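Please treat every number below as a calculation from the coordinates, not as lab data. Since the structure is predicted, the reported quantities are computational estimates derived from the model, not experimental observations. Don't worry about glycine lacking a Cβ; one is built from the backbone with ideal geometry, like all the others, and counts go over all protein chains shown.
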Amino acid sequence: MSNMPSLEKRINLTQLYDLYAPALTERQREVFELHEIMDLSLGEISERIGVSRQGVHDFLQRAMEKLVSMDEELRFSARIRQYEAMLEDLKVLIVNYRNILPGEFLEKAEQTLGLKGE
């Protein structure tokens, strides 16, 4: 993940945080949110929570490592991307076969997939 551009890395970490935040300690969650979501500097976080700048850095590093490690082990983000791709493929099939699908099925499928009006 270190080869990723900064913005892409931050987005990815935030998505991992959404998935795995409960596995972090309270302090790791606090530091991660202040740094990655509220965009505070390590110094600002240090002043706010009363921990040295190095301590804040350590909390943040451990949180990020834990998020990446958990995703490497559990692979939830990869599964989500896979399901999203499958959903898009299904939408394309519904649109492409619209004229030969039974009306009731088509109506329910379009409603479920949010295809009304496409």
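Each of GLY50, ILE37, SER69 was scored by the projection of its Cα onto the charge dipole of the chain, and the greatest displacement toward the positive side belongs to SER69; charges sit on the C-beta of Lys, Arg, Asp and Glu. Calculated mean residue ellipticity, 222 nm, the chain: -23000 deg cm²/dmol, from DSSP H runs (n ≥ 4) at -39500 (n - 2.57) each, averaged per residue and rounded to 500.
Helix 6-20 and the longest principal axis of the C-alpha atoms of the chain enclose an angle of approximately 80°. Projecting label points 7 angstrom from Cα along Cα→Cβ for LYS91 and LEU115 puts them 1.1 nm apart.
Using only side-chain charges placed at the Cβ, +1 for Lys and Arg and -1 for Asp and Glu, the dipole size of the chain relative to its Cα centre rounds to 100 debye.
Kirkwood analysis of the chain, using all unique Cα-Cα pairs, places the hydrodynamic radius at 17.1 Å. The stretch between GLU33 and SER69, if pulled fully straight at 0.36 nm per residue, gains 11.1 nm over its current Cα-Cα span. Ordering PHE32, PHE76 by the number of other Cβ atoms within 10 Å of each residue's own Cβ, fewest first, gives PHE76, PHE32.
Shown here for the range 43-118: trypsin sites (Lys or Arg not before Pro) in loop regions (DSSP other than H, G, I, E, B) with at most 15 other Cβ atoms within 10 Å, namely ARG75, LYS116. Contact order for the range 6-74, expressed relative to its length and based on alpha carbon pairs under 8 Å spaced 6+ residues apart, stands at 39 percent.
The count of lysine pairs in the chain whose Cα atoms are under 17 Å apart, excluding pairs fewer than 8 places apart on the same chain, comes to 4. For the range 6-74, the equivalent ellipsoid derived from the Cα gyration tensor has semi-axes of 20, 13, 9 Å, listed largest first.
For the chain, the relative contact order is 23 percent, taking Cα pairs closer than 8 Å that sit 6 or more residues apart in sequence and dividing their mean separation by the residue count. With neighbours defined as other Cβ atoms within 10 Å of a residue's Cβ, the residues TYR83, TYR17 order from fewest to most as TYR83, TYR17. What does the charge count around SER46 come to, taking other residues whose C-beta lies under 12 Å from its C-beta (Lys +1, Arg +1, Asp -1, Glu -1)? Residues close to SER46 contribute a combined charge of -1. From least to most packed, judged by other beta carbons within 10 angstrom and beginning with the fewest, SER69, SER52 follow the order SER52, SER69.
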